[in-house]
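Engineer: Once you've had a glance at the structure underneath, I'll fire off some questions.
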Amino acid sequence: MHTDLKAFIDDLDRRGWLTRVTEPVNPDLEMAAVIDLASKAPGGGPALLFEQPTGFGMPVAANLFGSLDRMCLALGVAALDDLGAEIEKLMTPPKATGILDAMKLLPVVGRLSDLLPKTVKDAPCQEVVKLDGSLDEIPILRTWPGDGGRYITFPLVITKDPETGMRNIGMYRMQVFDGRTTGMHWQRHKGGAQHYRIAERMGTRLDVAVAIGAEPALCYAATAPMPEGLDELLLAGFLARRRIELVKARTVDLEVPAQANIVLEGYVEPGERRREGPFGDHTGFYSLADDFPVFHLTAITMRKQPVYHTTIVGIPPMEDVYLGKASERIFLPLIRKTLPEIVDMHMPPQGVFHNLVFLSIDKRYPGHARKVMHACWGLGQLMFSKCIVVVDKDVNVQDPAEVAWVAGTHVDPERDIQFTRGPMDDLENACDLPAYGSKMGIDATRKWPSEGFTREWPARVVTSEAAGRRAAEIWAHASGGGPGRAGRGTR
Ligand SMILES: Cc1cc2nc3c(=O)[nH]c(=O)nc-3n(C[C@H](O)[C@H](O)[C@H](O)COP(=O)(O)O)c2cc1C
Ligand SMILES: [Mn+2]
């Protein structure tokens, strides 16, 4: 596993998965336009290292996790589902019937403590400490022409609950206002915002540390929809298969990732807000400007030769598709602990995470599809799901064409569409009020007599097994190639 971002970039380079851009590129719009081109290449394009940002001595790394292969490499697996399987195992201790069996469980429990972060004394991220440092030294990008300014787009924002001391790490963009202040775009539903809410109630300043360019597993963990109160460092430790190293920050009461390239230390004041935005967002449209808290810098610490790590968001697909895919696969087994009837889940990139969620279920009783929809609307960040399509377990939800076909043939709209209202993602632009609007569930399962459907439900059109086998042979001869491609419905 890669213990820091440089090791990951070197590994990408060795595999030929990294494109070095050696000519000067301007971080103002130009760099983002190149990253956009790369992201739109089939499969996500290569990782990028801009060696000469115009006007800066610091290289810029982008699109590092922007393909399935690279996301898997970052998390040390051959396929993302391997992580799901590991989590499943961790969450399902073998049945203990006697004392000997019970003792066999101890390693499972022990493993959890192996994942806790550990504090070190000497940290690469503090090789250089600048109490009077300025953000103007960092090649921070302006992504789109309509953006309100330059934004730090891959920050790992670290805070602690002022009452309980529980840590949170979330990725919230930071708009550069000047060399020493930025916006702090934690949306109201997120961990950082909750810590700030408590600090405001207590009337106290909230310390904030921001790591940029940390080890890959930690970069991902900051984006993961961890349940509130669970430390993202635990997830990062599990994914990295080793304890994440922390070091005490120099000017705030927080620990920061020792292996990061750059750390911004500072605070947000209770009651302070400033206009943030607009910003060309994940949705592919500009988010409107709004008031957000202000981050005040107290120190910049960094490696001697730091790389500035960034990403861009915009019209899908972009790098965030692969970060989201990792969450889809990693969190499915956890969701299934509450909703075991869910067989598979898919959020197609065009749905920008929450706009379109496909679920296949093992339907057991009347109304089951609706029960699952409501459960999802009440479960963590799945609450943002704008349209949930539920199909039977024999439908492959990873194939949006199959879902469209099945939904089109299984749905009586007046009967099968469930509307409700609730919290919406802050980026949601179509609802009348900010962060509050309506959701739709489509029950595209086969309908049962117990649900009021008394006509006969038609079967899928599939040839006989014998004819199918024979056809494959005939096709192989006729087309001169290998066995014929299996047609839809023959799986
Ligand atoms: C590239 C990228 C940018 C993001 N920007 C923001 C942001 O500006 N504000 C925000 O609240 N969430 C943002 N998110 C989503 C959060 O990181 C995500 O919801 C995460 O789970 C939040 O963690 P938390 O539950 O600990 O708050 C972004 C995600 C990605 C992948
Ligand atoms: Mn969190």
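The values are calculated or read from the model by the stated rules, or taken from the named source; none is laboratory data. Not measured: the values here are computed from a predicted model. Glycine gets a Cβ as well: all are built from the backbone with ideal geometry, and neighbour counts include every protein chain shown.
Engineer: Among the residues of the range 10-51, count how many are among the hydrophobic types (A, V, I, L, M, F, W, C), under 23 Å from Q175 (Cα atoms) and out of contact with any helix residue (DSSP H, G or I) (no Cβ under 7 Å at 6 or more places or on another chain).
Structural biologist: Looking only at that region, the number is 6.
Engineer: Restricting the range 126-151 to residues that are part of a loop (DSSP other than H, G, I, E, B) and of a type in the set (A, V, I, L, M), which is farthest from A236 (Cα to Cα)?
Structural biologist: Ranking the candidates gives L131 first.
Engineer: Do you know which of the residues in the range 414-445 that are within 16 Å of ligand 1 (Cβ to nearest atom) and outside any strand (DSSP E or B) is farthest from V403 (Cα to Cα)?
Structural biologist: Applying the filter and picking the extreme gives P434.
Engineer: Of all residues in the range 161-182, how many are hydroxyl-bearing (S, T, Y), surrounded by fewer than 18 Cβ atoms within 10 Å (Cβ to Cβ) and within 12 Å of ligand 1 (Cβ to nearest atom)?
Structural biologist: Of the residues in the range 161-182, 0 are hydroxyl-bearing (S, T, Y), surrounded by fewer than 18 Cβ atoms within 10 Å (Cβ to Cβ) and within 12 Å of ligand 1 (Cβ to nearest atom).
Engineer: Now, a different point. Need a quick list: helices (runs of 4 or more DSSP H) entirely within the range 152-261 having at least 2 residues that are free of Cβ contacts under 8 Å to residues at least 12 places away in the same chain.
Structural biologist: Hits in the range 152-261: 191-202.
Engineer: Wholly within the range 17-117, which helices (runs of 4 or more DSSP H) include no fewer than the required count, namely at least 1 residues that are at pLDDT 95 or above and farther than 23 Å from I138 by Cβ?
Structural biologist: Filter on the range 17-117 gives 30-39, 68-74, 80-91.
Engineer: If you don't mind, there's one more thing I want to ask. So the check is Cβ under 8 Å with 6+ separation or different chains; which pairs have a first residue in the range 289-302 that's within 9 Å of G183 (Cβ to Cβ) and modelled with pLDDT of 95 or more and a second one that's among the hydrophobic types (A, V, I, L, M, F, W, C) and surrounded by fewer than 23 Cβ atoms within 10 Å (Cβ to Cβ)?
Structural biologist: Matching pairs, first to second residue: V294/F177.
Engineer: Take D132 and tell me if it is out of contact with any strand residue (DSSP E or B) (no Cβ under 7 Å at 6 or more places or on another chain) and either modelled with pLDDT of 90 or more or under 22 Å from R243 (Cα atoms) (or both).
Structural biologist: yes
Engineer: Please give the number of the condition P139 fails out of (1) within 22 Å of R274 (Cβ to Cβ); (2) surrounded by 14 or more Cβ atoms within 10 Å (Cβ to Cβ).
Structural biologist: The single condition P139 does not satisfy is (1).
Engineer: Okay, moving on. Counting only residues that are of a type in the set (F, W, Y) and within 16 Å of ligand 2 (Cβ to nearest atom), which one in the range 140-190 is nearest to P27 (Cα to Cα)?
Structural biologist: The selected residue is Y172.
Engineer: Please give the number of the condition M202 fails out of (1) in contact with a Pro (Cβ under 7 Å, 6 or more places away or on another chain); (2) within 15 Å of ligand 2 (Cβ to nearest atom).
Structural biologist: Failed condition: (2).
Engineer: Could you tell me which of the residues E465, E473, E402 is surrounded by 15 or more Cβ atoms within 10 Å (Cβ to Cβ), over 18 Å from H374 (Cβ atoms) and not β-branched (V, I, T)?
Structural biologist: Residue meeting the stated conditions: E402.
Engineer: Name the strands (runs of 3 or more DSSP E) wholly inside the range 264-343 in which the number of residues that are among the small types (G, A, S) is 1 or more.
Structural biologist: It comes to 294-302.
Engineer: Just checking, how many residues over the range 349-375 are touching a strand residue (DSSP E or B) at 6+ places or on another chain (Cβ under 6 Å) and within 15 Å of E328 (Cβ to Cβ)?
Structural biologist: Qualifying residue count for the region: 5.
Engineer: Taking the condition of being crowded, with 18+ Cβ neighbours inside 10 Å and of a type in the set (D, E), how many residues in the range 201-230 meet it?
Structural biologist: The qualifying residues number 2.
Each row is one residue, and each column tells you yes or no for (1) in contact with a Leu (Cβ under 6 Å, 6 or more places away or on another chain); (2) farther than 22 Å from T301 by Cβ; (3) small (G, A, S); (4) more than 16 Å from ligand 2 (Cβ to nearest atom).
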| position | (1), (2), (3), (4) |
| --- | --- |
| L230 | no, yes, no, no |
| L233 | no, no, no, no |
| G237 | yes, yes, yes, no |
| I244 | yes, no, no, no |
| V247 | no, no, no, yes |
| I262 | no, no, no, yes |
| P270 | no, yes, no, yes |
| F279 | no, yes, no, yes |
| T283 | yes, yes, no, yes |
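Engineer: Yes or no: E215 charged (D, E, K, R) and closer than 14 Å to L156 by Cα?
Structural biologist: yes
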